[in-house]
């Protein structure tokens, strides 16, 4: 009897989890299929797992659009440069805070912790950034978020867990703090640094609100922001058509539809993350755990 | 390096000495540590603390043309305006409702999923489900909102299915129904973060002493007994702590999903505190009221965090700070 019930439970459990996995993946698969399908065929609404009428056309149209191409370049530059600078600076700060003899350790810790709970708010921050002349500049993407307190805490904790003798013996060999950091601490902290690298780069790649708030000129737009514009256009189109029955597409006669463009752009924006993610996966669980405990 | 130095270096660095000269000497000795920290501390100070200066605006009749130095002071007027504003309470309601909904569903979902995953014997299957369910956590809200719009639009998947099943006669613009917004927002948030939020529970479950399960086996306990009497009690302390701590940020929900999933038709249900502050300031030029709203939010969440920290400390000795 018990065995029978347990077998039923197992079956039910596997089925439920498989369903959850399917529900997580299906939207991406569906969008991929739509992006590779002929837009006019998509409008008939019969695309599920694979394209009915395969075409690369949607992708060609997107990459021919100069604004989108440039936005993609900017997003890549932001992610690479921003992640590099942020990781280096965060690691340096975290290292100093892991040194028990450091004279400013307690003051900086306090300053960091308070900043996690007290913030000036969205309007004063906006006015500050405007006052500093960072609006309509590429640097607004990198400088204000250069140091994430949370990441500092995670890296600091990892460095503190390194065997003390490791750093001490390097010091006795006459290594300076810079040498200790770059020759000993960093090589020994690759897993946590890989985790933080993933977190920071995903954060950069996914950002759009700073673009929306601070950069009003089109020559600084990022890919996520371009995608957001497409999203808002679609929404407002639907809102305007909400009173009539259904939503009639104004561009239906041309060979591309907003839905196809949206799906294609979504896939383009998502793909880098899906490509990088499996390689870093083995590292990030530990980092995520330190984060969860400290949160 | 000779023996004498080896013995003296650590002691001089660690020895607690007082006096200005010693502080200066210490600072000089630690100049590399200072170089590696002070620039970033200044940066943090500028972007985290200097905006607090802007709180003055809440007590002014601020206009962007005059700036903080020249705008006239009006005392608590802006707070009075805020508390007499019906919209403020509507927005407060939206914030609290959506944040409670995500809190409850997130907790129940994460614990349930962790327990179910823990019962899976095939490592490959478990790994696969974990890997797949973590993905949405890394995908931007803009992408997620695009997926949602695609599926819920009048000619999208959901309408298509409902039409086929004969449950509706004509397509519905689901995203335009205010009363459904909270549900949509909560479901989307759950879908995005469910897998990721199981990580900590799975770690706790993996750390349970296997002897406990073996002892239960000897006593003839089945899977459900073991789950009920060993697994669930083991993750409860963690769950309680996380729950209490997240109560501290109940007013601090993000605004990304509300901004991206919302539209003018559902604004009465989708607008949250931060978005309202933005609308007050940039929409209607009431910067001072917007800042007053920000101050109110910070003070409430600070009080919540401190209270919740005390509670967690009393219950289990865990402290945030």
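The values are calculated or read from the model by the stated rules, or taken from the named source; none is laboratory data. On a predicted model such as this, the values are computed, not experimentally measured, just so you know. We place every Cβ from the backbone using ideal geometry, glycine too, and count neighbours over all the protein chains shown.
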Checklist entry - For residue A:119, are the conditions met, namely being over 30 Å from residue A:279 (Cβ atoms), buried (at least 16 other Cβ atoms within 10 Å of the Cβ) and in contact with a helix residue (DSSP H, G or I) (Cβ under 7 Å, 6 or more places away or on another chain)? => result yes
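Quick grid of which residues meet (1) more than 8 Å from chain B (Cβ to nearest Cβ); (2) at pLDDT 90 or above; (3) in a loop (DSSP other than H, G, I, E, B); (4) surrounded by fewer than 15 Cβ atoms within 10 Å (Cβ to Cβ):
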{"residue": "A:91", "(1), (2), (3), (4)": "yes, yes, no, no"}
{"residue": "A:109", "(1), (2), (3), (4)": "yes, yes, no, no"}
{"residue": "A:113", "(1), (2), (3), (4)": "no, no, no, yes"}
{"residue": "A:127", "(1), (2), (3), (4)": "no, yes, no, no"}
{"residue": "A:144", "(1), (2), (3), (4)": "no, yes, yes, no"}
{"residue": "A:165", "(1), (2), (3), (4)": "yes, no, no, yes"}
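Any residue that is more than 7 Å from every other protein chain (Cβ to nearest Cβ) and within 30 Å of residue B:28 (Cα to Cα) - is there at least one of those in the range A:64-84? If you could, list the steps in order and put the result at the bottom.
Restricting attention to the range A:64-84, the residues satisfying the condition of being more than 7 Å from every other protein chain (Cβ to nearest Cβ) are A:64-84.
Those still in the list that are within 30 Å of residue B:28 (Cα to Cα) too: A:84.
Checking the range A:64-84: at least one residue is more than 7 Å from every other protein chain (Cβ to nearest Cβ) and within 30 Å of residue B:28 (Cα to Cα).
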Item to check | Breaking point among (1) surrounded by fewer than 18 Cβ atoms within 10 Å (Cβ to Cβ); (2) within 11 Å of chain B (Cβ to nearest Cβ), for residue A:216 | outcome: (2)
Checklist entry - Can you tell me how many residues in the range A:1-56 are part of a helix (DSSP H, G or I), surrounded by 16 or more Cβ atoms within 10 Å (Cβ to Cβ) and more than 8 Å from chain B (Cβ to nearest Cβ)? => result 6
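Here is a check on your reading of the model: is residue A:13 touching a helix residue (DSSP H, G or I) at 6+ places or on another chain (Cβ under 6 Å) and free of Cβ contacts under 8 Å to residues at least 12 places away in the same chain? Break it down stepwise before answering.
Details: touching a helix residue (DSSP H, G or I) at 6+ places or on another chain (Cβ under 6 Å): yes; free of Cβ contacts under 8 Å to residues at least 12 places away in the same chain: yes.
So residue A:13 passes the test.
If a residue counts only when it is crowded, with 17+ Cβ neighbours inside 10 Å, which helices (runs of 4 or more DSSP H) contained entirely in the range B:212-290 have at least 3 such residues?
Because the criterion is at least 3 residues that are crowded, with 17+ Cβ neighbours inside 10 Å, the helices (runs of 4 or more DSSP H) in the range B:212-290 that meet it are B:232-247, B:256-261, B:267-270, B:273-278.
Test of understanding: among B:198, B:150, which residue is more than 10 Å from chain A (Cβ to nearest Cβ) and closer than 30 Å to residue B:93 by Cα?
Values: B:150 fails: more than 10 Å from chain A (Cβ to nearest Cβ).
Being more than 10 Å from chain A (Cβ to nearest Cβ) and closer than 30 Å to residue B:93 by Cα holds for just one of B:198, B:150, which is B:198.
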Checklist entry - Do the conditions hold for residue B:209, that is, is it away from chain A (no Cβ under 13 Å) and closer than 21 Å to residue A:236 by Cβ? => result no
Checklist entry - surrounded by fewer than 21 Cβ atoms within 10 Å (Cβ to Cβ) and under 29 Å from residue B:303 (Cβ atoms): does that describe residue A:191? => result no
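Hey, among A:224, A:179, A:233, which residue is at pLDDT below 90, part of a helix (DSSP H, G or I) and within 12 Å of another protein chain (Cβ to nearest Cβ)?
Values: A:224 fails: at pLDDT below 90; A:179 fails: at pLDDT below 90.
That would be A:233, the only listed residue that is at pLDDT below 90, part of a helix (DSSP H, G or I) and within 12 Å of another protein chain (Cβ to nearest Cβ).
Among the residues in the range B:18-34, are any within 31 Å of the chain's Cα centre (by Cα) and either modelled with pLDDT of 85 or more or on the phi > 0 side of the Ramachandran plot (or both)? Give the derivation first.
Of the range B:18-34, the ones within 31 Å of the chain's Cα centre (by Cα) are none.
Scanning the range B:18-34 turns up no residue that is within 31 Å of the chain's Cα centre (by Cα) and either modelled with pLDDT of 85 or more or on the phi > 0 side of the Ramachandran plot (or both).
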Next on the checklist: Can you say whether residue B:203 is assigned to a loop (DSSP other than H, G, I, E, B) and within 12 Å of chain A (Cβ to nearest Cβ), as far as the supplied structure shows?
Outcome noted: no
Checklist entry - For the range B:166-195, which residues satisfy the criterion of being within 9 Å of chain A (Cβ to nearest Cβ) and in contact with a helix residue (DSSP H, G or I) (Cβ under 7 Å, 6 or more places away or on another chain)? => result B:171, B:173, B:175, B:176, B:191, B:194, B:195
Next on the checklist: So if I check each of B:105, B:131, B:150, which one is assigned by TED's automatic domain parsing to the domain that holds residue B:193 and buried (at least 21 other Cβ atoms within 10 Å of the Cβ)?
Outcome noted: B:150
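Which of the residues belonging to the range B:291-307 are buried (at least 24 other Cβ atoms within 10 Å of the Cβ) and more than 9 Å from every other protein chain (Cβ to nearest Cβ)? Step through it out loud before you land on a result.
The initial filter retains those residues of the range B:291-307 that are buried (at least 24 other Cβ atoms within 10 Å of the Cβ), namely B:291-294.
Once the filter is applied, which keeps residues that are buried (at least 24 other Cβ atoms within 10 Å of the Cβ) and more than 9 Å from every other protein chain (Cβ to nearest Cβ), the range B:291-307 yields only B:292.
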